[in-house]
Every structure is written in structure tokens, then in C-alpha cells.
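The values are calculated or read from the model by the stated rules, or taken from the named source; none is laboratory data. Since the structure is predicted, the reported quantities are computational estimates derived from the model, not experimental observations. Cβ placement follows ideal geometry from the backbone for every residue including glycine, while neighbour counts extend to all protein chains displayed. For accessibility, only protein heavy atoms count, side chains too; no ligands or nucleic acids. Shrake-Rupley method; radii C 1.70, N 1.55, O 1.52, S 1.80 Å.
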Amino acid sequence: MADDAPSAPTTETNNDATMTAELVERLHFFFSNANLRQDKWMRNEMKENGCITLEQLLKFQTIKSISTDKQLLAKAAAELKDEIVYDEEKEELRRVVPFDWDTMGDGSHLSLCCKNVPLSEEEKSDGEKAFYGTKQEYAVTRDELKMLFEPYGRVGIVKLRFGRREGQAYPLGMAIIEFEDEEGMKKASAELLPREGEDANKVLEIKGSKLSFEKVKPMKCFQNKSSKRSRDDKKDDDDKEEDVEFEPVKVEMQKGCVIALTGLSDETCDRESIREAVSDILKVSKDIKTSGLYVDYTRGATTGNLRLTESKPEEMKELVDKLNDGTVLIANAKVGSAKMLEGEEEVAYWKGFEEFLNNRKRADMEEKRQKKKQKRFPHKGRRRQ
């Protein structure tokens, strides 16, 4: 007798359904107001060509990571009829409601500034720590923050905020939470924003950190509507500036030239005290320009390293021994440990050194570009408050 019961869906069918759902979420995000406010490439592409093609979308990293199947992506696009118009013949996607700064705004009216976002120390190998020192990073992800606020309404985007110090980015412990609609913003504001002379109705906490909130100020170009300019004006001077090609710095590894130090005093130690303590044993001049000794150390860190332009195995071994037994002190204190880097740790150090030089070069180029732009167009203010 034939079995008339419906067969269970195949694994392939289940996988397709899961991937389609994930692609729907990605397309919803990419074509959303929240993303388009910060994605200049997509704005320009839709302004100039009126659409984004499936071929272009399949080059997006987060879409490729889900599927490279064009038919599956087309199926996902077809499910967003209220948001996206999909031209099946031309394989093109465009928004139902075109993006426009005048009507969409800068998103500040839908956003909360979230403070006291928890931080943690970045996980690195001993070799990387020896070069970079300890460094903080966010202890939570954007998705974790997004889930925390979803009960108030759908979250459009979460932006973790960073500052810059000596060419390096560091976390500010802040995030901008932008809701997709005013209803979500109103619900969150009613509970989380403190009122004059009163505490907030509710305190949100994540990973042991109590969060605080304030409203986000509008961009300067939106504060005075009478003088507002289109951020995508083709005459915008950002587009006219020629990009200077970046030529990366290449560093040749010099074996047996690096001593890693740990347990340095974060209060009294500095480059000068390190150089003063080690120069005589290494038989190098205390003059920075002629010594051939580089001290890779940031004040306040507990790790650092010594880098010589040429290996001095006997002198370096003597210094390591005397640092470890306390015969040689740095800033009147014994170090935690000293060792010559070898193998993978040595490779990691030189890789980190090369990365540091390239990051610094990029930061210098960007700083020069910004200064040049400010001199030519002093009316342009910062785009984010």
C-alpha cells in the first residue's frame, strides 16, 4: 500500500529556507535608511544607475558568506516587496521609496547614545603583546547590543564608537543605537532616558556593566535646514580629491635582534629609563640617533621590547640574565621577565611591527588629507556628533 503521508523536507530544502531567510535579513539591512545614511557607495550607485544588481550584491562579503546562488538571492529580494522593487528580467533591485536626505534625515531622531559599554583586554600572542602592549577592545558585539534593545522595537543599526590616539583606534565605551521607526525610539526613550531631576525608569545591564543613555544630537548640516546641502552633491569636494595610492612598508625580519620585556612599572617606567638601564650592557651609545637600539614601549604599559639593528647574542644574553635575576633594574624596579624572541614569537613580532608602520603611515596620510581639506573648505564640520 502506498504511503500517502507527506514526505519530510529534505536537508537541502531546509538549508535553502535558512539561507533565504538570512539573505532577506541582509537585503533588508543594506537597503535600509540606517545603512544608506553611512553607505556612500550604495547611495551613489542608486543615484547614478537607479539600482543595485544581483551581480554587485553577490560581491558583498556577508552575502557571499551565506550563498553565491543568484536564484536564491533573487528569491530573497522577491520576499521584500514592501521595501524593494526587483526587476527579474534585468536582475536589478531598487527601493520602493527612494532614499532622500530631506525626508529620511540623519537618523539622530531615531537614535540613543549608549555609554559605559563594557571593554576587555584584547587577546594576543606573547610576541604581539611584546610589540603592541596590552590593548582594550569591546567586550560585547553589535549583535549582542542589538538583541538587548530589540524588545523596544526593531533596531536598524548599532555603531560602536572609536577614538584615535597616536594613529591607533581605541574603543570609547560608547555605541549609537538607531531604531528603524519612531515607535521603537519612543518606547526606549520613555524607559531609558533620565528625566530632569529623576533617574531613568529602567537600568539596562550587559555583562556586568550598567548602561547610561542620552539623546543623539543632529549633524550640523541638519541643525539649520535653510543652509542644508546634499551630502551626495556631485560637486562635493570629497569626490574631486584624487586618492593617493598607498604603498605599504615592507620590513625585513632581522633574526636574534629582539628582547621582550614584561612586568614593567606602569607608573614610573618610560623609554628613557629603559635605555639608561640596558645601554651599557648592550655596548651601545645612549644617544638615540646613533645607538642602533630602539625601545618599543608606550608609557603606562607593562610590556615592551628592545630591538637592535644587528644581533649581539652575547651582550643580549647577558642582559636577559641580569634582568631576570634582578641585577639590572628598570626605573628602580625588577622586571617580570626578559627573553630573546625566537621562532613563532619572533615572526609575530616582526609581522606586528610591519603592521604598526603601515597603520601609522595610513593615519599620517589621512591626517594630511583632512588638514588639506579643512584649509580649502573650512565650512565643513564633523559629520558625526
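A few points about this structure:
- Here 309, 290, 303 are screened, and the one residue that is surrounded by 15 or more Cβ atoms within 10 Å (Cβ to Cβ) and at pLDDT below 95 is 303.
- Across the range 330-339, the qualifying residues are those that are open to solvent by less than 60 Å² (accessible area, probe 1.4 Å) and out of contact with any helix residue (DSSP H, G or I) (no Cβ under 6 Å at 6 or more places or on another chain), and the one among them that is farthest from residue 265 (Cα to Cα) is 337.
- Number of positions in the range 151-168 that are farther than 24 Å from residue 33 by Cβ and open to solvent by less than 40 Å² (accessible area, probe 1.4 Å): 2
- The set of residues in the range 182-210 being in a loop (DSSP other than H, G, I, E, B) and within 29 Å of the chain's Cα centre (by Cα) consists of 193, 203, 204, 207, 208.
- Among the residues of the range 231-274, the one identified as under 29 Å from the mean Cα position of the chain (by Cα), at pLDDT 90 or above and β-branched (Val, Ile, Thr) is 262.
- Considering only residues in the range 17-40 that are touching a helix residue (DSSP H, G or I) at 6+ places or on another chain (Cβ under 9 Å) and among the β-branched types (Val, Ile, Thr), the one that is farthest from residue 143 (Cα to Cα) turns out to be 20.
- Where helices (runs of 4 or more DSSP H) fall entirely within the range 61-115, those with at least 3 residues that are surrounded by 12 or more Cβ atoms within 10 Å (Cβ to Cβ) are at 70-78.
- Residue within the range 85-92 that is over 25 Å from the mean Cα position of the chain (by Cα) and within 26 Å of residue 146 (Cβ to Cβ) present: no
- Applying the condition of being of a type outside the set (Lys, Arg) and touching a Phe, Trp or Tyr at 6+ places or on another chain (Cβ under 8 Å) to the range 266-287 and asking which residue is most open to solvent (accessible area, probe 1.4 Å) yields 270.
- Tally, over the range 188-217, of residues that are open to solvent by 50 Å² or more (accessible area, probe 1.4 Å) and either in contact (Cβ under 8 Å) with a residue 40 or more places away in the chain or touching a His at 6+ places or on another chain (Cβ under 7 Å) (or both): 7
- Of all residues in the range 317-329, exactly one satisfies the criterion of being open to solvent by less than 40 Å² (accessible area, probe 1.4 Å) and either of a type in the set (S, T, N, Q) or over 17 Å from residue 283 (Cα atoms) (or both), namely 326.
Quick grid of which residues meet (1) among the aliphatic types (A, V, I, L, M); (2) farther than 20 Å from residue 282 by Cβ:
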residue: 299; (1), (2): no, yes
residue: 302; (1), (2): no, yes
residue: 305; (1), (2): no, no
residue: 309; (1), (2): no, no
residue: 315; (1), (2): no, no
residue: 341; (1), (2): yes, no
residue: 352; (1), (2): no, yes
residue: 368; (1), (2): no, yes
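- Given (1) at pLDDT 90 or above; (2) surrounded by 11 or more Cβ atoms within 10 Å (Cβ to Cβ); (3) not charged (D, E, K, R), index of the condition residue 38 fails: (1)
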